[in-house]
């Protein structure tokens, strides 16, 4: 068995140069600049902030990231999520920091007809993506676990949350997006003029670049995520989140098994897509949607957008075909030698 556990590649072109753990200075346009790098949520988080209050803002943002990780992690024994999973069906009172991403997750689950489902944690563990002891579970095992999976099993009454005994939630598919959104809110309240948050495969921007130009975000090539891109996006204040089978996977018997599980089968999704990049004003929804659309596949993902709207996307199919939605017309620049199709609504 061959195992590949890949951290998500940096997606922001402006972060191509290495950032020091903590640095400060003044950019060419005279704006105070502060950068900080921390490790949280199993990935490297990079923050770059511009403005008069940059230093104070970035420290507040870093503290918020640490706070949210402690509450939202499914693997920390004392987290709110772990308490819900181990409560044997009893109610657990949670903070708004936990309730908010839960409600967003359930909304996406309902609209995607279960393509996104935070109760797949038993499946994720069975495949070894939590313990790192990778294995291919048998059909009978997955069939038994299916009884515990289903977003409708989650009960939320006020700030009381419960799941049936045996059902377990994992906010990993939406927690980074919620975190980046919270960080953006903090930075805005601090009065910064511009900022970039890179949280694994999630990039989110605040305000504008000091020189007045658009932020430029690279979209990883799923066949060469460490070195290649399929193109870049020119954006203003928004979130850009990518989900793909290349991010975490192992190989067994000559077959590749990635970490994005189809809730209806218990197996890694085989939807015909290699990656999905979502562009959305809300980081929480961008994160959850990137997973939901990946599981849905191209046709159903485009149908979802037609029905619900609120985002644009870049899809890379298994054959390498690139499809972008209409809102990205003129904003997506393909890498040299790449072509793409524009989906007109």
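Please note which strands (runs of 3 or more DSSP E) are completely contained in segment 158-251 and include at least 2 residues that are closer than 30 Å to residue 134 by Cβ. Walk me through it before giving the result.
Details: elements: 160-162, 194-199, 202-207, 215-220, 229-235, 239-244.
Ranges flagged: 194-199, 202-207, 215-220, 229-235, 239-244.
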| request: Looking only at segment 23-38, decide whether some residue is over 27 Å from residue 237 (Cα atoms), in contact with a helix residue (DSSP H, G or I) (Cβ under 9 Å, 6 or more places away or on another chain) and in contact (Cβ under 8 Å) with a residue 12 or more places away in the chain. | output: no
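Evaluate the following for residue 62: is it under 22 Å from the mean Cα position of the chain (by Cα), in contact (Cβ under 8 Å) with a residue 24 or more places away in the chain and farther than 21 Å from residue 186 by Cα? Before the answer, list the steps.
Details: under 22 Å from the mean Cα position of the chain (by Cα): yes; in contact (Cβ under 8 Å) with a residue 24 or more places away in the chain: yes; farther than 21 Å from residue 186 by Cα: no.
Judged against the criteria, residue 62 is not a match.
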| task | Could you list, in sequence order, all residues of segment 321-344 that are surrounded by fewer than 14 Cβ atoms within 10 Å (Cβ to Cβ) and in contact with a helix residue (DSSP H, G or I) (Cβ under 8 Å, 6 or more places away or on another chain)? | result | 342, 344
| field | segment 110-127, subset within 17 Å of the chain's Cα centre (by Cα) and part of a helix (DSSP H, G or I), residue surrounded by the most Cβ atoms within 10 Å (Cβ to Cβ) | value | 121
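Right, residue 294: touching a strand residue (DSSP E or B) at 6+ places or on another chain (Cβ under 8 Å) and part of a helix (DSSP H, G or I) or not?
Working: touching a strand residue (DSSP E or B) at 6+ places or on another chain (Cβ under 8 Å): yes; part of a helix (DSSP H, G or I): yes.
Against the criterion (touching a strand residue (DSSP E or B) at 6+ places or on another chain (Cβ under 8 Å) and part of a helix (DSSP H, G or I)), residue 294 qualifies.
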| message | Could you check segment 247-299 and list, in sequence order, the residues that are modelled with pLDDT under 95 and closer than 19 Å to residue 177 by Cβ? | response | 247, 248
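Just for segment 256-275: of the residues that are touching a strand residue (DSSP E or B) at 6+ places or on another chain (Cβ under 9 Å) and closer than 18 Å to residue 113 by Cα, which one is surrounded by the most Cβ atoms within 10 Å (Cβ to Cβ)?
Taking segment 256-275 as the starting set, the residues that turn out to be touching a strand residue (DSSP E or B) at 6+ places or on another chain (Cβ under 9 Å) are 256-262, 267-269, 272-275.
Of the ones still in play, those that are also closer than 18 Å to residue 113 by Cα are 260-262, 267-269.
Values: 260: 23, 261: 26, 262: 19, 267: 15, 268: 20, 269: 22.
Ranking the qualifying residues of segment 256-275, first place goes to 261.
Quick test for you: out of 139, 152, 209, 214, pick the one residue that is under 18 Å from residue 235 (Cβ atoms) and surrounded by fewer than 18 Cβ atoms within 10 Å (Cβ to Cβ). Let's see the steps before the verdict.
On the way: 139 fails: under 18 Å from residue 235 (Cβ atoms); 152 fails: under 18 Å from residue 235 (Cβ atoms); 209 fails: surrounded by fewer than 18 Cβ atoms within 10 Å (Cβ to Cβ).
It is 214.
A quick yes/no check of all residues on (1) more than 19 Å from residue 292 (Cβ to Cβ); (2) assigned to a helix (DSSP H, G or I); (3) over 19 Å from the mean Cα position of the chain (by Cα):
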residue: 97; (1), (2), (3): yes, yes, no
residue: 101; (1), (2), (3): no, yes, no
residue: 105; (1), (2), (3): no, yes, no
residue: 108; (1), (2), (3): no, yes, no
residue: 129; (1), (2), (3): no, no, no
residue: 133; (1), (2), (3): yes, no, yes
residue: 136; (1), (2), (3): yes, no, yes
residue: 144; (1), (2), (3): yes, yes, yes
| Could you list, in sequence order, the residues of segment 47-78 that are buried (at least 20 other Cβ atoms within 10 Å of the Cβ), over 14 Å from residue 177 (Cα atoms) and out of contact with any helix residue (DSSP H, G or I) (no Cβ under 6 Å at 6 or more places or on another chain)? | 48, 50, 51, 54, 58
| note | The condition from (1) touching a strand residue (DSSP E or B) at 6+ places or on another chain (Cβ under 7 Å); (2) more than 19 Å from residue 184 (Cα to Cα); (3) buried (at least 22 other Cβ atoms within 10 Å of the Cβ) that residue 89 misses is numbered (3)
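Yes or no: segment 229-245 includes at least one residue that is in contact with a strand residue (DSSP E or B) (Cβ under 8 Å, 6 or more places away or on another chain), at pLDDT below 95 and either buried (at least 22 other Cβ atoms within 10 Å of the Cβ) or closer than 29 Å to residue 141 by Cβ (or both).
First, pick out the residues of segment 229-245 that are in contact with a strand residue (DSSP E or B) (Cβ under 8 Å, 6 or more places away or on another chain): 229-245.
Checking the rest, the ones that are also at pLDDT below 95 come to 245.
Cutting the leftovers down to either buried (at least 22 other Cβ atoms within 10 Å of the Cβ) or closer than 29 Å to residue 141 by Cβ (or both) gives us 245.
Among the residues of segment 229-245, at least one is in contact with a strand residue (DSSP E or B) (Cβ under 8 Å, 6 or more places away or on another chain), at pLDDT below 95 and either buried (at least 22 other Cβ atoms within 10 Å of the Cβ) or closer than 29 Å to residue 141 by Cβ (or both), which makes the answer yes.
The values are calculated or read from the model by the stated rules, or taken from the named source; none is laboratory data. Bear in mind the structure is a predicted one, so any value in this text is a computation, not a measurement. Using ideal geometry, Cβ is built from the backbone for each residue, glycine included, and neighbour counts are taken over all protein chains shown.
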